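J.: First, the structure itself, so that you have it in front of you.
The values are calculated or read from the model by the stated rules, or taken from the named source; none is laboratory data. Remember, predicted model here, so these are calculated numbers, not experimental data. Here Cβ is always computed from backbone atoms with ideal geometry, including for glycine, and neighbour counts include all displayed protein chains. Ligands, DNA and RNA are stripped out before the accessible areas are found, and what is left, the full protein with its side chains, is counted by its heavy atoms. Shrake-Rupley method; radii C 1.70, N 1.55, O 1.52, S 1.80 Å.
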Amino acid sequence: MEFLRPQTWADALAAKAEDVDAVPIQGGTDVMVELNFDVHRPGALLDLNPIEELNTWHELPDGTLRVGAGVPYVRIIAELGDRLPGIAQASRTVGSPQIRNRGTVGGNLGGASPAGDLHAPLLAAGAVVEVESASRGTRMIPAAEFYVGVKRNSCESDELIRAFHVRPAAGPQYFSKIGTRNAMVIAVCSFSIALFPGERRVGTGLGSAAPTPRRAYAAEEFLAAELDWSGVLDHRVAERFGALVSEAASPIDDVRGTANYRRHALSVMARRTLGWACADLDNKGKAA
C-alpha cells in the first residue's frame, strides 16, 4: 500500500487526480477499522493531516461559518458549541474521548454511513458541503443532496471534501440518538431538529433509518404551519409531528434493532426533541 502525504491542498488535489482510488485519511477512525479487519485495503492512502487549512474554521462576511473538514469533534464542541448546538450535541455522542480528539465531520461525510452521528444535525441545520477537484474547481452541495446511497456520497472520484458551511443557530437545535448501550455505540437510529423562529421554518434530520440520512419534509411543513411559535406545545401537534417523522423513515431489521422499533423510536425522539426546543422558545432561548 502506498502512503501519500501532501503538504498543501493543491498537492492533495493533484494526488487525488492522479490516483482517484486513493482513500483520504485524517482521523482514521473509520478507515483504520476497515484496514485492521481487512474489510477494505486500498492501493493508496492520502494523508490530509499536514494540510493546516483543513483544521481551521472562520466566519464568512455573511455570517456563515466555514468549518474545515479536518476540525475534530472535540474542537467543534469547545469552540462552536454555542453557535452550532445540534452539531455539538451530536459530536459529544461520538465514540470515546480519544475518538472525539481524532475524528472529524469531514470523515463522517466522506464515509456517508447512514448511521453517522453528524448527518442528522447537518441536515436539520441546512449545512452545505464544499468539495473540490484539481480540474473542475469548487462545488457547493447542500447536505440534503450529498448522500446518494449506502456509504455513498455525491463527490466525484477526483474530488475531496474541503469544508462544510452552516449558519449559526437562529433558534433551538437538538439531537437525540438511541443505541444498544449508553456510550461508545453506533446509533440504532438518531434524530435532529432545528427551529428557525424568525422564518417560522423547521429543519429535521434522520440517521440510521433509511439507506441514506434524510430529512422528514412532510413533518417539517406540518410543524412550521401548526407550531405555536411562542413555545406552548400542543400534544396533538407533537403526536402528529412524531408520526410524520416515523413515516419518513425506511428502516431495516438488523442486529441492532427491527424496522418497527426504529420507527417507534424516531417518533419518540421527534416528540422529545420538539419538547426541548419549545421549552427553549418559552424560556427566551435558554437551553432546556
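J.: Can you tell me the dipole magnitude for segment 113-184 around its Cα centre, using point charges on the Cβ only (Lys, Arg +1; Asp, Glu -1), in Debye to the nearest 20?
T.: Rounded to the nearest 20 debye, it is 260 debye.
J.: Assigning unit charges at the beta carbon (Lys, Arg +1; Asp, Glu -1) and nothing else, what dipole magnitude in debye, to the nearest 20, does the chain show about its Cα centre?
T.: About 940 debye.
J.: Right, here's the next one. Sticking with the crude label model, points 7 Å out along Cα→Cβ, report the distance from Thr8 to Glu221 in nm, one decimal please.
T.: That separation, rounded to one decimal, is 4.9 nm.
J.: For n ≥ 4 DSSP H runs only, could you compute -39500 (n - 2.57) per run for the chain, divide by its residues and tell me the 222 nm figure to the nearest 500?
T.: Helix contribution divided over all residues of the chain: -10500 deg cm²/dmol.
J.: So, by mean Cβ neighbours within 10 angstrom, what's the order for 85-93, 130-138, 53-61, 245-253 with the highest one leading?
T.: Going by the mean number of other Cβ atoms within 10 Å, highest first, we get 85-93, 245-253, 130-138, 53-61.
J.: Name the residue farthest towards the positive end of the dipole of segment 15-118 from the options Gly95, Ala17, Leu60, assuming +1 on Cβ of Lys and Arg, -1 on Cβ of Asp and Glu, about the Cα centre.
T.: The residue sitting most towards the positive pole is Gly95.
J.: Once the Cα gyration tensor of segment 119-191 is diagonalised, what are the square roots of 5 times its eigenvalues, in whole Å and ordered largest first, as equivalent ellipsoid semi-axes?
T.: Semi-axes (√(5λ), whole Å): 27, 17, 9.
J.: Treating only the Cβ atoms of Lys and Arg (+1) and Asp and Glu (-1) as charged, compute the dipole magnitude of segment 1-72 about its Cα centre; round to the nearest 20 debye.
T.: Charge dipole, segment 1-72, about its Cα centre: 60 debye, nearest 20.
J.: Would you tell me the accessible area of Lys151, worked out with a 1.4 angstrom probe on the heavy atoms of the protein chains, in Å² to the nearest 10?
T.: Rounded to the nearest 10, the figure is 120 Å².
J.: Using only alpha-carbon positions, what ratio does the radius of gyration of the chain give when scaled by 2.2 N^0.38 Å?
T.: Taking the Cα Rg and dividing by 2.2 N^0.38 Å, one obtains 1.00.
J.: For segment 72-178, place one equal point scatterer on every Cα, skip the solvent, and apply the Debye formula. What is log10 of I(q)/I(0) at q = 0.12, 0.25 Å⁻¹?
T.: -0.39, -1.47
J.: Also, quick follow-up: Cα axis of helix 235-248 to longest principal axis of the chain: angle in degrees, 0 to 90, nearest 10?
T.: 30 degrees
J.: Within the chain, what whole-number % of the accessible surface is contributed by carbon and sulfur, with the 1.4 Å probe and all protein chains included in the calculation?
T.: Looking at the chain in its full context, I get 51 percent from C and S.
J.: Provide the per-residue ³J(HN,Hα) series for segment 207-213, in order, calculated from phi with Karplus coefficients 6.51, -1.76, 1.60 and θ = phi - 60°, each as a whole number of Hz, with x at glycine and proline positions.
T.: x, 6, 9, 6, x, 9, x
J.: A further question on this structure: One-quarter of the Cα convex hull surface for segment 23-101, in nm²?
T.: 6.3 nm²
J.: If you don't mind, another one. Any idea what the alpha-carbon Rg over 2.2 N^0.38 Å comes to for segment 176-288?
T.: Expressed relative to 2.2 N^0.38 Å, the Cα Rg reads 1.05.
J.: For segment 1-88, report the accessible area per residue in Å² (1.4 Å probe, heavy atoms, rounded to an integer).
T.: 49 Å²
J.: Among 194-200, 32-38, what's the highest-first ranking by average C-beta atoms within 10 angstrom per residue?
T.: 194-200, 32-38
J.: Cα centroids of segment 196-217 and segment 30-82: how far apart, whole angstrom?
T.: Computed from Cα coordinates, the inter-centre distance equals 23 Å.
J.: What does the accessible area per residue of segment 98-255 come to in Å², with a 1.4 Å probe and no ligands, DNA or RNA counted?
T.: Value returned for segment 98-255: 42 Å² of accessible area per residue.
J.: Report the Stokes-Einstein translational diffusion coefficient (µm² s⁻¹, integer) for segment 1-155, Rh taken as the Kirkwood radius over Cα pairs, at 20 °C with viscosity 1.002 mPa s.
T.: 133 µm²/s
J.: Need one word for segment 1-67: rounded, prolate or oblate. Basis is the Cα gyration tensor (sqrt eigenvalues a ≥ b ≥ c); a/c below 1.5 gives rounded, then a/b vs b/c decides.
T.: Judged from the Cα gyration tensor, segment 1-67 comes out prolate (a/c at least 1.5, a/b above b/c).
J.: Oh, and also: What is the Å³ per residue value for the convex hull set by the Cα atoms of segment 156-220?
T.: For segment 156-220, the hull spanned by Cα atoms encloses 158 Å³ per residue.
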